[in-house]
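Working notes, beginning with the structure itself.
Just so it is clear, none of the values below were taken in a lab; they were calculated from the coordinates. Please read these numbers as outputs of a predicted model, since none were measured by experiment. Please note: Cβ atoms are built from the backbone with ideal geometry, for glycine as well, and neighbour counts cover all protein chains shown.
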Amino acid sequence: MAGRALIVAIAVAAFFIAPHALAEFHLFQICLVAGTALVVLGLIVVTGFAGQISLAQAAFVALGGYGSAILAARWGIPLWAGVPIVSIGAFVVGFVLGQMTLRVSGHYLALVTLAVTAIVQIALIYSDNVTGGAAGMPVPAFEIFGLTLSTGGQLYYVIVPATAMLFLAVHHLNHSHYGRALAAIRQSETAAELMGLNVLRYKAAAFGASGFLGAFGGGLLAPLSTYLDPAQFGITQSVYFLAVAVVGGMMSPLGALVGSIVFVLLPDFLQAFQTYLGLVFALLLLGFIVLRPEGLAGLRLPKGIVAALPRLGGERR
Amino acid sequence: MLAQVLVSSITAGAVYALIALGFVLIYKGTGVVHFGYGDQVTFGAYLVLIAQALIGLPFWPAVVVALVASVLLGALIYGGLMWPLRNASLLAQIIASLAMGTVLREFVRAYMGPSAWPFPFLLSPAPISVFGILVVPANLAIVGVSLGVLALLFLLFERTFHGKAIMAACDNRIGASLIGVQVSMVFLAIWILSSVLATVAGVLVAPLLTLSPDMGLIGIKGFTAAVLGGFNSLPGAVIGGIVLGVLEALAGTYVSSALKDMISYGILIAVVLVRPQGLLGVLAMKKV
């Protein structure tokens with residue numbers, strides 16, 4: 001217990017020291033890692049924990065980004081309230097969609113979620129008067145307590161704590177009866193059903209949770225990028241999030257964080273090879289799924305570190 | 001007006017049918033749903049361009065080189081990806097096929113650039129008037145090839161000993177190997193055949209659509225066609241493709257272009273939820 005308290009204290013201290021020690025660009029990247037990790041965490045809940053493939057994550061991210069921006073621009077609801085509201089909406093959408101689609105599984109589910117992403121993207125492009133159509137729309141500034149947060153260094157104080165809280169929440173849920181039920185469903189739906197679990201409802205709830213986390217991540221990433229472009233929310237992007245999850249590791253929340261760090265930081269190390277970036281990402285996905293499907297987070301580390309890591313969830317930065 | 005819309009839409013339908021045939025071939029032959037097939041079609045067309053640019057070949061020899069290269073690609077996909085993953089979960093197989101498509105797409109984007117390339121027509125793209133309806137020879141070729149491929153595959157699966165061996169290998173791997181079917185050779189043959197088919201489709205389709213790295217997204221329309229037809233039915237794939245092409249054209253002409261873009265995804269969702277066995281398919285029971 002004492003060791004755990006110490007690690008939490010170090011994490012909190014690091015959180016407050018980082019803005020003074022790091023350059024603006026690095027804080028921006030930490031925000032980008034955190035937002036991406038939140039989106040991918042949703043994918044880990046539905047695909048890793050519940051075993052249901054989803055290619056709809058880009059659609060939920062779009063819902064979060066566009067939804068909160070439109071609430072702010074049209075009705076003056078500030079983003080700090082709009083992002084959670086839209087995320088709860090995304091949970092409901094995901095839950096209902098899950099009730100409808102999770103009767104099918106495997107490749108049929110992959111196809112349906114793929115189609116959902118495509119439909120949302122087309123709807124964004126054709127709703128010119130609300131979303132700005134193919135040209136996209138600007139994101140209103142993030143205002144809270146009379147302050148306007150616009151740079152990465154300022155949004156850091158919102159994005160990082162929010163991400164950490166949601167990671168802890170997912171970590172605890174995964175160790176509750178809810179997480180064990182999902183594990184049972186992943187291993188054998190028939191057995192889970194026989195044990196009296198309402199399989200469809202659990203799977204739909206996992207899908208709803210992925211929607212909530214995807215929309216929350218999307219809502220936080222939108223003010224960071226300041227502009228929404230419908231081209232960013234297509235099938236390619238859904239596959240990108242899947243790649244982050246696979247490379248990071250599907251079976252623990254830590255995987256979302258590790259994968260996001262790799263995918264956000266890699267472009268900096270490969271600046272000379274910008275043209276090949278997409279190819280590198282694709283090869284990473286291919287290489288991991290064939291050679292190391294458990295991802296980076298599944299690598300064997302010395303026992304002491306392994307014992308400490310998963311318990312911390314999102315606190316690590 | 002209506003007649004013209006219908007005739008034009010059949011070309012689009014035949015494009016979807018050709019891609020759907022590839023999906024169904026792989027699914028029927030190996031039990032894998034290949035999510036990267038659309039990208040493989042695009043890659044096939046690019047192979048021709050690469051052979052022209054790299055070796056300086058004229059068009060037709062370049063097509064031959066592309067076909068030979070796609071034989072190698074098919075063997076590589078099976079040997080490097082699907083054989084190692086033969087006992088992996090369905091999830092891993094789906095992600096692997098998606099990843100393979102993404103690798104091909106990103107390779108093309110990095111090597112040939114992100115912008116569109118012109119691609120020559122095999123036959124004249126100039127329309128001919130038949131009974132007052134404009135018909136394009138290049139488009140007729142696609143319809144003809146789709147039907148020809150359908151006929152060949154149908155004969156292979158339904159009328160030949162090897163076709164039966166393929167079906168047996170897919171149905172029950174252990175059982176088929178016990179009665180002397182070399183399952184790995186059968187799967188290898190299917191991957192090579194489907195890979196060649198992808199290149200044929202790519203060469204035919206590229207001049208009609210815009211040949212850019214993202215042309216592979218048309219694969220989803222092929223999926224819709226295959227799902228509509230029943231996913232394990234070859235004639236279903238062609239019928240599904242034509243039906244989809246006609247519905248899209250009607251929606252685009254009489255309702256709105258937004259609906260034209262959306263309708264195939266809507267059909268995909270609706271068919272999976274309401275009638276997953278499609279128009280001509282047989283529902284597989286899940287064994288426990």
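Remarks
- Distant-in-sequence amide H partners of A:I144 (H built 1.01 Å from N, under 5 Å): A:L149
- Amide hydrogen neighbours beyond the local backbone of A:L55, cut-off 5 Å, H modeled: A:T113, A:L114
- Within a Gaussian network of chain B (alpha carbon springs, distance under 10 Å), most fluctuating of B:A237, B:A198, B:A69: B:A69
- Amide proton proximity set for B:L211, modelled H, under 5 Å, gap of 5+: B:W117
- Neighbourhood net charge (12 Å Cβ-Cβ; Lys/Arg +1, Asp/Glu -1) for B:V181: +1
- Residue order, fewest to most surrounding Cβ atoms within 10 angstrom, among B:L25, A:L270: A:L270, B:L25
- Under 23 Å, Cα to Cα: Lys pairs in chain B, sequence gap 8 or more or different chains: 7
- By the combined test of axial Cα extent (at least 18 Å) and Kyte-Doolittle hydropathy (mean at least 0.5), the qualifying DSSP H helices of chain A come to A:2-21, A:24-43, A:57-75, A:79-101, A:106-126, A:152-174, A:199-225, A:235-248, A:253-269, A:277-291.
- Other protein chain C-beta atoms within 10 Å of residue C-beta, averaged over B:206-212: 0.
- Neighbour-count order for B:V33, B:V48, fewest beta carbons within 10 angstrom listed first: B:V33, B:V48
- Membrane-span-like helices in chain B (whole DSSP H runs, Cα extent of at least 27 Å along the helix axis, mean Kyte-Doolittle hydropathy of at least -1.0): B:2-30, B:90-112, B:137-159, B:183-205, B:234-254.
- Region A:82-145 shape via C-alpha gyration tensor axes, a/c threshold 1.5: oblate
- Euclidean distance between Cα centres, region A:57-109 to region B:77-120, Å: 30 Å
- 15 Å beta-carbon shell around B:V243, net charge (K/R +1, D/E -1): +2
- Ordering A:W75, B:W191, A:W80 by the number of other Cβ atoms within 10 Å of each residue's own Cβ, fewest first, gives A:W75, A:W80, B:W191.
- Tensor-based shape of region A:58-170 (alpha-carbon gyration tensor, a/c under 1.5 rounded, otherwise prolate or oblate): oblate
- Compactness relative to 2.2 N^0.38 Å, alpha carbon Rg of region A:2-235: 1.06
- Counted charge near A:L228, where neighbours are those whose Cβ lies closer than 15 Å (Asp, Glu -1; Lys, Arg +1): -1
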